Every structure is written in structure tokens, then in C-alpha cells.
Amino acid sequence: MLKSKILIVEDDAIESMDIKINLENMGYEVSAVISSGEEALPMISQHMPDLVLMDIILKGKMNGVEVAQKIKDEYDLPVIYLTSNSEEKTLEKAKLTEPFGYVIKPYDIVLLRYTIEIGLYKHKMEKKLESRLQYFKNVFDNAPIGIFHSTIEGKFIRVNKALSSMLGYSTQKELINEVNKLNVADKIYNSPEKRPEFISNAIKDDKWHSYKNEYIRKDGNIMIGELYFRSIRNTDGSIRYLEGFITDVTEQKELEEARMKTEMIAWDRLAEIDGIYDSSPIGLCTLDKDLRYIRINENLARINGFPAIKHIGKTPREIIPTISEKIESMAKKTLKTGRSIMGVEMEGITPSMPGVLRTWIVQSVPFKDIDGNVIGISFSVLEITEMKKAQKELFETVKKLKLSNEELQRFAYVVSHDFKEPLRMVLSFTQLLKSRYEGEFDNEADEFIGFIIEGSKRMERLLDDLLTYSRITTTEEKYSEIDLNKIIEDSIYPLKLIIEDNNVEITWDHMPTILINRTQMIHVFQNLITNAIKFRNNKTPKIHVSVKLERDQWIFGVSDNGIGIDPHYHKRIFEVFQRLHRRDEYDGTGMGLFLTKKIIEGHNGHIWVESEEGKGSTFYFTLPVENNNI
Ligand code: ADP
């Protein structure tokens with residue numbers, strides 16, 4: 001063990017020698033013996049002793065008390081005074097320098113040793129305590145969580161850096177000053193009424209108590225803090241102060257709230273999906289790998305004829321035995337391949353309607369977990385029993401309608417064709433009657449003969465139109481790509497005479513080649529051009545056939561400079577036998593536009609007129625560019 005070094009400051013040479021010898025005998029090392037205060041200080045810095053033995057009364061400028069004070073301040077060394085009883089006053093002064101002990105001269109060796117040992121020990125202890133305090137201060141100041149000590153009344157005693165910055169203050173001092181103007185609760189607690197409860201819990205025992213508390217920061221924002229709070233007691237059990245740790249959990253709380261919100265939204269969505277699932281007009285269910293129902297909606301449960309809950313854990317075999325084989329085979333396929341099977345039509349009987357054969361469209365989709373492993377099969381079932389029935393009925397009706405339509409067309413053909421023969425007979429014999437006997441009867445008889453001839457001719461035209469209609473609607477002619485320029489030429493060829501007689505100017509744009517029924521389309525142009533000539537006014541008739549391409553259709557227009565049509569009748573003229581004029585004004589049957597409309601619609605187009613009375617007319621019709629449905 002190292003010897004403790006002692007420096008002696010004593011102006012009495014004999015005494016100092018005596019002490020030196022005694023100390024060395026005791027096992028100390030005497031680093032120096034100095035006789036004056038002035039000399040002592042530089043020697044201390046040179047020798048750095050562990051303890052200084054100092055005579056209070058020294059010769060020279062500085063006495064022992066002054067020297068001791070300097071030693072304490074500058075070197076922090078323990079000083080033990082050597083004094084005599086007579087120096088009581090000086091001793092009082094010396095006490096102010098907080099010495100480590102006194103030895104009264106003439107000294108007792110044992111007492112001297114004891115005092116030195118105590119001095120050395122005390123100094124050592126003080127040093128340790130000081131470093132402990134420093135350590136504690138460091139920990140307190142630099143801890144990452146907020147720490148405070150406060151009084152029961154709520155005044156801060158000390159706070160650390162973390163707490164002041166957590167609460168938005170620039171220094172610990174500022175925080176303490178601001179809070180202590182009021183008290184902790186009123187200044188920084190968002191709910192000050194909570195503090196009494198914290199206090200009463202803290203003083204009840206020495207344990208930590210924790211609370212989630214809202215703190216008001218300097219900028220007014222709220223900080224959510226987790227507070228750990230306890231009391232620190234004196235040895236007599238009284239409360240010394242209260243200690244608290246605060247961690248900022250605002251972000252945690254926000255995260256928690258965001259998580260809760262997301263979770264709530266997810267639950268809402270789930271409830272929504274559940275609702276949709278249950279109220280879906282399509283039957284839905286999910287089977288696990290053992291083909292047991294794990295979920296089923298109300299609709300499918302109703303189709304099957306059991307409450308939804310009764311399905312869970314059971315197999316289709318137990319619930320719908322008559323169709324389970326088909327369902328299971330679909331399920332197994334989907335399980336094996338991991339692929340959906342779409343739109344399988346299935347017929348069968350379920351317990352909900354015994355004896356009734358029903359039809360469904362069934363679809364199976366693999367049911368996967370989040371890793372994509374197939375863990376079951378979901379089915380969707382759409383009941384189409386009624387639809388099927390309606391479809392069948394519709395099919396029958398269409399079939400019947402087709403038959404009766406064909407009959408009607410045959411009838412129209414027979415009527416128009418076969419009636420022409422007797423009619424022609426009536427007409428020719430009446431004409432014969434007229435040519436032979438005109439003037440032989442009275443005037444009235446001649447007039448009657450005229451009526452018969454006129455009526456028969458009209459009937460002949462009606463029968464001709466009817467024949468055209470039945471020919472057009474029953475034609476077997478195929479649609480083909482035809483140049484419409486050619487069609488227009490062919491249409492006006494038979495009208496050559498009328499055109500020339502009336503000086504008709506007829507022009508047309510260059511026409512496209514499209515998929516049409518030739519005979520029908522000739523009829524369309526012929527009818528529109530004939531009307532354009534027929535309903536002319538006193539001007540030279542000008543007719544133009546235009547064409548333009550608009551998106552996916554051709555738009556044709558046949559325009560004239562004739563009498564025009566009151567917009568009031570634009571729809572009516574396309575109906576059968578509808579005419580706007582008396583026969584003696586303009587001849588006709590009212591079948592032409594009706595037939596034209598039928599033909600255009602048969603080509604997937606439509607027809608309309610734009611016209612005003614006295615301002616000419618344009619009849620428009622469309623034909624699709626891609627005509628796939630004819
Ligand atoms: P019809 O020519 O035999 O009278 P349509 O069905 O062809 O029968 O025409 C119906 C009616 O539409 C005609 O009676 C006429 O009043 C009117 N109409 C048709 N085309 C024109 C036209 N270009 N200008 C004026 N009116 C017309």
C-alpha cells in the first residue's frame with residue numbers, strides 16, 4: 001500500500017522535527033517540513049501531499065488560517081490544524097475554513113494519528129461523494145426522458161434538459177421560472193384537476209405510479225406524456241420531494257389513433273362487404289378443402305332451402321344431394337387447378353322446392369389465403385329458372401309469329417297476284433262497255449261506268465304495291481357488295497321518260513360500294529326520286545343524291561326543290577297508306593315511304609325527312625359501314 005504523504009507547516013523547528021519523526025514512525029511519508037506560509041504554497045504544488053499539518057500561528061506575513069484557505073481553494077487538500085489551548089479566538093476563525101481536524105499542542109501521538117486518519121478518510125469520502133453528485137447531475141441533466149423534482153404544492157425544484165425541450169422551453173431555468181410563477185398543474189397540465197389524485201397516490205407509498213397525461217407546451221400545443229410519479233422521503237418518513245419521469249408519447253398516440261381509425265374503416269368496410277354479401281341477389285358460398293360450407297349468403301341458403309347457419313360445417317352432399325355431384329366435381333377441379341370455372345349451366349331440384357326442376361348458372365373461383373395458397377372454393381349461383389322459362393316461351397312465340405308472318409306474306413302475294421286477274425277482267429269489260437255503248441244510256445250511266453273504271457284502276461295500283469311489298473319482304477336475294485352509283489342509274493332508268501318530259505335535273509355524289517340487297521335498294525331510290533318528281537312545284541325539278549361518311553355510318557340524302565312538307569307530318573308520311581294530298585292533286589297509294597322505311601330498317605339503318613312547306617324536301621337515310629347483322 002502506498003504511504004500517505006504529509007506536508008508539515010510549522011515555524012518551531014524542534015516541534016516540526018518531533019512531529020516529522022513521529023509521523024514517519026507511524027508509517028507516513030513526510031514530503032516536506034516548511035516553516036512559513038509563503039513557502040508552503042509553492043511546495044504544495046511541487047509535492048502534492050495527501051494532507052497538510054498546519055500550525056495556526058505562523059511567523060511571517062501569512063498565518064496558518066490564510067494559508068489553509070488557499071490550500072483548500074486551490075488544491076482541495078485536507079488540512080489539519082496544530083494549535084494550542086491559548087489560541088481559542090484564532091481557532092474560531094480557523095473553523096470557518098472547514099478544516100479536517102485539530103490537534104491541540106502538546107499533542108498526543110495516538111490522537112494525532114487518529115485525527116490524520118480521520119482527515120484522510122473524510123477527504124476521500126468527500127471526493128467520492130462529489131463525484132457521485134456530479135455523476136447524478138450528469139445523468140439527471142442528460143437523460144433522454146424528462147425528469148423533474150417538485151414540491152407537493154407543485155413548484156419545480158429541478159428539471160432536466162429533456163423535459164424543458166419536450167415542453168418547448170429553451171432552458172431548464174426558463175421552464176422552472178415560468179412554471180413556478182403559478183404551479184405545475186395550472187401551468188402545464190391540460191387537466192389540472194387530475195393532479196390531486198396523482199399526489200395522493202404518490203404520498204400513499206414509495207412506488208411508481210403511471211398516468212397518461214396531456215401537457216401544454218410553451219407554444220400552446222398539446223403534448224401527450226406518459227408520467228411516472230413517486231415520492232422521495234426523508235429518513236423520518238416525511239416527504240422530501242416528488243420525482244417524476246415524463247416520456248413524450250404524442251406520436252405513439254397519433255400512430256395508435258391512426259391505426260385505430262384504419263382498423264375502424266376496415267371493420268366498416270368488412271361490415272359493408274358482409275351486407276353486400278348477404279343481400280346479394282346472387283347466391284354465394286365458400287367451401288373449405290374438405291368441401292364443407294364455411295360461409296353462405298341468405299340468397300343461396302334460400303335456394304337450398306335451409307337457414308344459412310345450418311350449412312356451416314356440412315357438405316353439399318348433405319344439403320343438396322340431387323345436385324351435389326356436379327357441385328363437388330366443379331369444386332375438386334377448381335381445387336386441383338387453382339383456376340375458376342365460369343358460367344356452367346346446371347339443372348336440378350333443391351329441398352326448398354321439391355319436385356320443381358330449376359336452372360342455375362354456377363361459377364367456381366379458388367379461395368386463396370394471403371400467401372396465394374388455395375384453401376377453398378367460392379361459388380356464385382344465379383337462378384335462371386324463370387328466365388329460361390321466359391326464353392322458351394319467347395322462342396315459341398317468335399316461331400309462331402314467323403309462321404303467321406310467312407302465312408300473311410303468302411296471303412298478300414296470293415291476294416295481290418290472284419285478285420289482279422278478275423280485276424283486270426272487270427276493268428277490260430267495263431272499258432269495252434264504255435267504248436261500245438257510251439252515249440246510248442243516259443248521262444248518269446256514262447258517269448257510273450267512269451267511276452267503275454277509275455276505281456278498278458286504283459285497286460290495280462294498290463294490288464301492285466301490295467305485290468311489291470310481299471315480293472320485297474319475301475325475297476330470298478342475298479346481300480352483296482354493290483356499287484351504289486350503279487343502283488342509282490338502274491333506279492332512274494325506268495323513269496327516263498318522266499325525267500325527260502319534266503326537264504328534271506338529277507345529279508348525285510360519287511357513291512360508295514356497300515353491302516346491300518340490290519332489288520330493295522333500287523326500290524328505295526326509285527321511290528324517293530319518283531316522289532321528288534311527283535311533288536314538284538312550278539319550278540324545274542332539281543334532284544340531288546348526296547352521301548357523307550359520319551363515324552361508322554353512311555348518310556344519304558335525296559333532296560328536291562318541290563312543294564315541301566309541313567314538319568307536323570314528318571313522321572306520319574312513313575306510315576302505311578298515309579298521304580297528305582287528294583288523289584286528284586297527286587296520284588299515289590301511300591305505300592311508298594312505308595315500304596322504303598321497312599327496307600332501310602332491314603339494312604340496320606333509319607330514315608327521316610327534313611322539310612318545310614314550299615321549301616323543298618330532303619329525305620335522309622343511313623346505312624352502317626360495317627353491316628354484320630344482315
Ligand atoms: P305516295 O307517294 O303514294 O302518296 P308515299 O308513301 O311515297 O306515298 O308518300 C307519302 C306522302 O308523303 C305523300 O302522299 C306526300 O304527301 C308526302 N311526300 C312524299 N315525298 C314527298 C316529297 N318529295 N315532297 C313532298 N311531299 C312528299
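The values are calculated or read from the model by the stated rules, or taken from the named source; none is laboratory data. If you're wondering where the values come from, they're calculated on a predicted model, not measured in any experiment. Counting neighbours? That spans all protein chains shown, and the Cβs are built from the backbone with ideal geometry, glycine included. Side chains included, ligands, DNA and RNA excluded: accessible areas come from the protein's heavy atoms. Shrake-Rupley method; radii C 1.70, N 1.55, O 1.52, S 1.80 Å.
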Item to check | Those lysines that a straight Cα-Cα span of less than 20 Å connects to Lys598, excepting residues fewer than 8 apart in one chain | outcome: Lys402, Lys478, Lys571
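Which order do the peptides 379-390, 461-472, 401-412 come out in when sorted by mean C-beta neighbours inside 10 angstrom, highest first? Please report the intermediate quantities before stating the final value.
Numbers: 379-390: 15.7, 461-472: 17.6, 401-412: 12.2.
Going by the mean number of other Cβ atoms within 10 Å, highest first, we get 461-472, 379-390, 401-412.
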Checklist outcome for this item: Cross-link reach from Lys173 to lysines, straight Cα distance under 24 Å and at least 8 residues apart if same chain, gives Lys137, Lys155, Lys161, Lys181, Lys187, Lys218
Checklist entry - Ordered by packing density, taken as the mean number of other Cβ atoms within 10 Å over each peptide's residues, highest first, how do 558-564, 572-578 rank? => result 558-564, 572-578
Checklist entry - Quick one: accessible area per residue over the chain, 1.4 Å probe, rounded to a whole number of Å²? => result 60
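Could you order Leu2, Leu129, Leu595 so the one with the most accessible surface comes first? Probe is 1.4 Å.
Numbers: Leu2 155, Leu129 110, Leu595 5 Å².
Order by accessible area, largest first: Leu2, Leu129, Leu595.
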Item to check | Top positive-direction residue, dipole computed over the chain with Cβ charges, set Gly602, His149, Met26 | outcome: Met26
Checklist entry - For Val33, what accessible area in Å² do you get when you roll a 1.4 Å probe over the heavy atoms of the protein chains, rounding to the nearest 10? => result 60
Next on the checklist: Taking the alpha-carbon distance from Lys59 and a cut-off under 26 Å, which lysines remain once sequence neighbours fewer than 8 residues away in the same chain are dropped?
Outcome noted: Lys5, Lys20, Lys70, Lys72, Lys89, Lys93, Lys95, Lys105
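For a quick protection proxy, order the peptides 106-119, 434-447 by their average other-Cβ count within 10 Å, most packed first.
Values: 106-119: 15.9, 434-447: 10.2.
Output ranking for 106-119, 434-447: 106-119, 434-447.
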Next on the checklist: Please list, ordered by chain and number, the residues whose modelled amide H lies under 5 Å from the amide H of Met591; skip anything fewer than 5 residues away on the same chain.
Outcome noted: Phe577
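Where the only charges are on Cβ atoms (+1 Lys, Arg; -1 Asp, Glu), what is the dipole of the chain about its Cα centre, to the nearest 20 debye?
Numbers: 85 positive and 98 negative charges, 278 e Å.
That gives a dipole near 1340 debye.
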Checklist entry - How much length is gained on full extension from Arg292 to Gln69, taking 0.36 nm per residue of separation minus their Cα-Cα distance? => result 70.7 nm
Item to check | Percent of beta bridges antiparallel (DSSP, the chain, rounded to nearest 5) | outcome: 75
Checklist outcome for this item: The Kirkwood hydrodynamic radius of the range 228-386, taken as the inverse of the mean 1/r over all distinct Cα pairs, in Å, comes to 19.3
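Where in the chain are the helices, taken as whole DSSP H runs, whose Cα atoms extend 27 angstrom or more along the long axis and whose Kyte-Doolittle mean reaches at least -0.5? Please report the intermediate quantities before stating the final value.
Values: long enough: 109-142 (49 Å, -0.40); 250-279 (43 Å, -0.88); 385-437 (75 Å, -0.57); 443-474 (46 Å, -0.27).
Span-like helices in the chain: 109-142, 443-474.
If you place +1 on the Cβ of every Lys and Arg, -1 on the Cβ of every Asp and Glu, and leave all else neutral, what size is the dipole of the range 1-148 about its Cα centre, to the nearest 20 Debye? Intermediate values should be presented prior to the final figure.
Numbers: 18 positive and 24 negative charges, 107 e Å.
With Lys and Arg at +1 and Asp and Glu at -1, about 520 debye.
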Checklist entry - Over the chain, what percent of the accessible surface lies on carbon and sulfur atoms, probe 1.4 Å? => result 55
Item to check | Rounded to the nearest 10 Å², the accessible area of Glu174 at probe 1.4 Å | outcome: 40
Item to check | Spherically averaged projected area of the range 430-526 from its Cα convex hull (nm²) | outcome: 9.2
